[in-house]
Structure formats: structure tokens, C-alpha cells
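Below is one structure, written out as C-alpha cells; comments come after it.
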Amino acid sequence: MAGIGEEIQERLRRWTLELGGPGTRERLEKLTPPRNEYGVDPYGFDVDYLQAAAAPVLWLYRKYFRVKAFGLENVPNEGPVLIVGNHSGQLPFDAAMVEAACLVDKDPPRAVRALVDKWVPTLPFVSTLFARCGQIVGTPENCRRLLAAGEALLVFPEGTRGLNKPFSRRYQLQGFGLGFMRLALENGVPIVPVGVVGAEEQAPAFLDIQPLARLLAFPHFPITLTGLPLPMPVRYRIWFGEPMCFTGSADEEDAVLEGKVARVRDAVAGLLARGIAEREHVFW
Amino acid sequence: MPASVAITGIAGNLGRKLARILHGETHVVGFDRRPLRDRPKDVEHHQLDIRKARVEDVFRRSAIQAIAHLGLKHDPRDDAAEAHSFNVAGTQKLLDIAARHGVKKVVLLSSANVYGPAPGNPNFLPEETPLLGAARLPGYRDLIEVDMYVQSFMWQHPGIETVILRPVNIVGPTVRNAPSNYLRLERPITVLGFDPMVQLIHEEDVCRAIALALRPGVRGVYNVTGPGEIPLSAALRELGREPVPLPHFLVRQVVKRLFDARLSSYPPGEVDYIQYLCAVDGSRFVRDTGWTPRFSIRETLRSVLGNR
């Protein structure tokens, strides 16, 4: 599929099952999104492809970041939900790790779709990889449609402001967008806050070269300790909080929504504070 | 079904197919500058440019009740000014005549491509999406202008049931449009690392959709979808093609050179369609008319190979 030979795909799929631990095959078989005779759903999500593509992600999950996930029972087994978390680490490994947690450490598993920036579909290979793994461009139409179909969406309301912030501002939540709250209110969907501890230290950035970013049409151009935005083997701790339900009109003024958004932001900040307090070291 | 239906562009592949579907049920009156081959006996054909005054005389004589407007030119090699006059002025003249001679129904065959592919597109574009298709592909300017003109006609003449159909890429054994020709290439150019979802509809299904829209009671702007969405790569694999992937920063240059050298009929703007999403939500047409395509994805795809 998309350039990966059949044999390599098969090998990756076996690797996924191995890394996932006992019972992974049975659990993954519970994922049954709608699919046509070409194996994809209308958005281009392909479960077989995901199983193959998940292998390197799971290797990162189990061996490199050695992720510990807490509170996965807070993610509902079915029905629409918005998972809202902090974004950090220069490259979005945090999204992949949250999704991997819901895939291999949750029973029954959930295929979580992360909302990605409009920039992603302009990237070769990445655009295809993301689409086959169920990631989706975060337009309001897409979100409405997916929530109406009972899907789980992963949102980072900080966007690239959080992802590419410098090391000095680690664990300081940047401004949250309001869009996710409008979606939650409009569709009556619960919000599960998530705090990702570890990613904030994975690639310390000291500089953001905006002129270069503009030149390359990137959102940011961070310079990290290693020069490249590649992650160090920090240990991830992912804390899922209790679902939050909000009521009210989705069409309120921004000022009214900001109050509700602040409650979600506080919940994420609380999970982060707890995660940092309970960990002994950044790397283990 | 209205008692008599005028079809513009009847000598084209779609027009002929539509005439064949309709002529048993209603009196078909064709307009086209080209002669109509294999004309069924009960089909009336006028070999005329729709901008000519004689068109009105046909309307005076034949009590036409409905128009299926398919006769738009879209060859990128046509003279742009002449095509523009034919498409836009022709449509305006035709609708003007329709309003004056008691036509009850106008169906325009537009296209889902009027929205235009873009990286930030939602996966399924609703009918309200702005028509930005001409931003990078000037060839769509005429179609968009016609589409908008017919929209305003819809409001100006509430007594006439006006329908704009925006079907996804039409493919089939006889059609010769860009998507069909692309799928017929043994070694089609693709954009390295990009694999958008594409939507196709069989030419016969489109004709059935037009026939459905001609029925009394249907009015409005509708996307018309076929049997579903597939990755472009899966479509090419199904047809046994050997794609030639080119990096995105080179592909437009290459396509432009090929077009300028008359080695291919694809202007560089068409690359957007194999790089980004331009898929639509067809649920409104399904809800209002009970539309279901007859051909599966595989049959639709394979139809480009058949009886040429």
C-alpha cells in the first residue's frame, strides 16, 4: 500500500502484534470501521495499513518512550468523544503515543483520530500515512461528521503554539483555541482531558527561526539541542482525566466560551501537575 | 417526466446516452452544432449553435417543458474567448428563452470540480462550499460562471424548477473527459507521496441522475456522488496501471512542458486533482430524490476500459 511492499507490510503487522503483547490480535479485531471493497473507509482510513504502520509507533511506545498510561478507563468504549490534551515536543509524537495507548492498552481498543493541521496534506508521504491511519484535517465539517458517526477525536487546542514552544516554557499551557468547545457543545459530546508528561522534554528547543519557517512554509522552525527536532528517550506518562460534560449554546460569544475552555485547560494543567509530582525522573 | 425535454450538447457522448434513456418516456429535442449520429427516429435534432436566433423558434413551435443543459465546452485547447461566449452567453440566451416560453424545468450539468482541490478541504464538501475551482485551473472559470448564473436564475424565476447537478468525476466507456482519459493512460503521472481519495461516477449513472432531476418536484443545487471513495493508488492498481511518480516540486513543470509540447492534454493545474482532496458530500441528493448509483466502484473503474 502506497509504496510499502506486501512482504514488508506483513512483517510490520507481525511486529505490531509482538510489541502489542498477548491478546493484541484479538483486541485489534474488535476494530471494525466501515470499509469498502478496497479496504478503506470514506476518509481513507485503512485498518490493515494501520496495523502495519503502528509497528514503529509501538516500538517507540514500548521500548523508547516506555509509555505509562493512567486512567484509560476514562475514555469511553464507544460513542463520540473529544480527547483534549497538551501539545509539545517539536514533532507530534505525543499524538501518536496517546493513540497507541488507546489502541494497545485499552480493551476494547479505540481508533482515535487526531485532528491535524491544514499544513499536513501538503506534505508528501506524511499526508498519505496520516490519512491511511485515520488522521483527519481538523475542519469543522470533518469534526461534525465524525462526531455524528460516534468517533473519538484527539484535539490539541494549543496547536503549533504548544508543539513548537521553547524548552523554557515546558509544561506551561499556551492559549487554547475555542473551536473544540463549540464542537463539544454543538454535538453534546463529552471531553476527556489528557496530560502528556515527558514529551515536553523530548526535544528541547532554544530558538525558533521565523524567517526560515516562512521561507519553507513551515509553521515554525525550531532549533533544538541536537539541531534536529528528534526526540530523546524520555519516559512518557499519559494521564487521562475524567470526562467533562458541558451544556449551553455553541453560538455563545467568545468570552462565555473562554470560561468553559479554561475549565478544560485547568483540568489538563491538573493532570500535568500530578504527573510531574509523581514521576521520579525525566528519563525513567 | 415532462412531456418534452430539450437536451443541449446532445451529440456528445453523455447527451446521446441521455437521449437514449429519455426518448421512450418523453419527446426529446436536441440542440448541438455537431450532427447527431445514430439518432433514434423519435428524437428531434437541431444542428444549431444555441446562441442563434433560430433556437427560439424551435421553442415557439415545440412547447418544450424542460431543458437538460449539457452543452458546455471544456477543452483546454479551445480558443478561450470563443468558448467563454459559447458557454456563458449561450447559457444566458437559453435560459432567457426558457423563461419566456413556459419551460417548467431547467437542469444544468455542472461538476463537483467547481469547488476545486485544496489541502485544507474537508473530506466531504457540502453544496454551500465557495466555488474556488478556477483559482489554479482557469479552465473552470466558464463552468463556475455558468453555475453561478444558473443559481441566480433559480432565484429570479421561482416558478421554474431549476436544478444544478454537480456530479463527481464522470467516467465510462464512451466519455472522453480528463479523468477518464487519465485512467486510460498505461503509465499515468502521479505525485510522489500523495494519494488523495477520489470519487467517480459511471456515465450511465450520471444520465440516470439527470433523468431523476428532470422529474417534477426536484429543485436546488445538488452534489451527485457515485458508489464511494477510493485512494487514487487503488484505482490505478485495479486497472493495472504503472504510475510514474514525480516529486511535487517538479510535477507541474513536467506537466506544463508536456502540455505545451502537445504531448498530453492535461494543463498543469490538473495536478491539484491528483495531489489534493476534492471530494463531495452527496447526501442531499440521496435524501431528496432517493438516488442510488447502479454501478459499483469496481464496475465504474473498469468501465473506462470497455467497448471503445
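Some values worked out for this structure:
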read-out	value
Cβ-based net charge around residue B:104, under 14 Å, with every Lys or Arg adding one and every Asp or Glu removing one	+3
Net charge dipole size for region A:157-284 [Lys, Arg +1 and Asp, Glu -1 on Cβ; Debye, nearest 20]	460
Among beta bridges that DSSP assigns inside chain B, antiparallel share in %, nearest 5	10
Theoretical ellipticity at 222 nm over chain B - DSSP helices of four or more residues, -39500 (n - 2.57) apiece, nearest 500	-10000 deg cm²/dmol
Surface per residue (accessible, 1.4 Å probe) for chain A, Å²	45
Length-normalised contact order of chain A in % [C-alpha pairs under 8 Å, at least 6 apart]	22
Peptide ranges B:49-56, B:60-67, A:154-161 listed from the most packed, as the mean C-beta count within 10 angstrom indicates	A:154-161, B:60-67, B:49-56
Span-rule helices in chain A, defined as complete DSSP H runs reaching 27 Å or more along the axis (Cα) with Kyte mean at least 0.0	A:254-278
Probe 1.4 Å, all protein chains present, accessible-area order of A:253, A:258, largest first	A:253, A:258
Value at 222 nm in deg cm²/dmol, rounded to 500, when DSSP H runs of n ≥ 4 in chain A each add -39,500 (n - 2.57)	-11500 deg cm²/dmol
Carbon + sulfur, % of accessible area of region A:6-278 - ligands and nucleic acids excluded, 1.4 Å	57
Lys, Arg +1 and Asp, Glu -1 on Cβ, resulting dipole of the protein assembly as shown about Cα centre, debye, nearest 20	1140
Region A:227-284: C-alpha gyration tensor shape, a/c 1.5 cut-off, then a/b vs b/c	prolate
Residue-normalised accessible area of chain B, given per residue in Å² at a 1.4 Å probe	42
Contact order relative to length of chain B, as percent, for alpha carbon pairs under 8 angstrom and 6 or more apart	20
Cα-centre dipole for chain B with unit charges at Cβ (Lys and Arg positive, Asp and Glu negative), debye to 20	680
Antiparallel %, DSSP beta bridges [both residues in the protein assembly as shown], to 5	20
Dipole of chain A, positive direction: furthest Cα of A:82, A:102, A:42, with charges on the beta-carbon	A:102
Candidate aspartates and glutamates - alpha carbon under 14 Å from residue B:256, same-chain residues fewer than 8 apart omitted	B:270, B:272
For region A:237-252, 3J(HN,Hα) per residue [Karplus equation, 6.51 cos²θ - 1.76 cosθ + 1.60, θ = phi - 60°, Hz, x = Gly/Pro]	10, 10, 10, 8, x, 5, x, 10, 10, 10, 10, x, 7, 6, 9, 4
Backbone N within region B:254-286 under 13 Å of label point (7 Å from residue B:135 Cα along the Cβ vector)	B:272-273, B:276-278
Within straight-line cross-link reach of residue B:104, aspartates and glutamates at Cα separation under 20 Å, skipping those fewer than 8 residues along the same chain	B:25, B:44, B:56, B:57, B:96, B:147, B:161, B:288
Restraint check, B:17/B:41; B:52/B:73; A:165/A:260; A:68/A:260; B:73/B:93, Cα-Cα greater than 20 Å	A:165/A:260; A:68/A:260
Residue mean of other protein chain beta carbons inside 10 Å, A:36-49	5
Carbon and sulfur %, accessible surface of chain B computed with the full protein complex present, 1.4 Å	53
Unit charges at the beta carbon, dipole of chain B: most positive-side option, B:7, B:273, B:224	B:7
List of region A:108-131 residues, accessible area with partners at least 20 Å² below that of the chain alone (1.4 Å probe)	A:118, A:121, A:122, A:124, A:125, A:128
Neighbouring partner chain Cβ atoms per residue of A:143-152, average, 10 Å criterion	1
Exposure ranking of A:251, A:266 by accessible area [1.4 Å probe, largest first]	A:251, A:266
Radius 15 Å from Cβ of residue B:255, net charge of other residues (Lys, Arg +1; Asp, Glu -1)	+4
Gyration tensor verdict on region A:6-278 (Cα atoms; rounded if a/c is under 1.5, prolate if a/b is larger than b/c, oblate otherwise)	rounded
Residue B:244 paired with residue A:18, simple spin-label distance in nm, labels 7 Å along Cα-to-beta-carbon	4.0
Separation of the residue B:20 and residue A:282 label points, Cα + 7 Å toward Cβ, nm	7.2
Computed over region B:157-255: relative contact order in percent, which uses C-alpha pairs under 8 Å that are six or more apart	41
Rounded FRET efficiency, nearest 0.05, which uses the C-beta distance separating residue A:209 from residue B:96 and R0 of 56 Å	0.40
Set of lysines near residue A:30 by C-alpha distance (under 22 Å), chain-local residues within fewer than 8 positions excluded	A:106
Under the span-like rule (Cα at least 24 Å along the axis, Kyte-Doolittle mean at least 0.5), DSSP H helices of chain B	none
Accessible surface buried once B binds A (1.4 Å probe; total of both sides; Å²)	2000
Shielding score for B:190-201, defined as the mean number of other chain Cβ atoms within 10 Å	4
Selected from A:126, A:244, A:146, residue furthest toward positive end of dipole (the protein assembly as shown; charges at beta carbon)	A:126
Computed lengthening from residue A:10 to residue A:25, 0.36 nm per intervening residue step minus Cα-Cα distance	4.0 nm
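The values are calculated or read from the model by the stated rules, or taken from the named source; none is laboratory data. None of these values were measured; they are calculated from a predicted model. Don't worry about glycine lacking a Cβ; one is built from the backbone with ideal geometry, like all the others, and counts go over all protein chains shown. All accessible areas refer to the heavy atoms of the entire protein, side chains included, with ligands and DNA or RNA removed. Shrake-Rupley method; radii C 1.70, N 1.55, O 1.52, S 1.80 Å.
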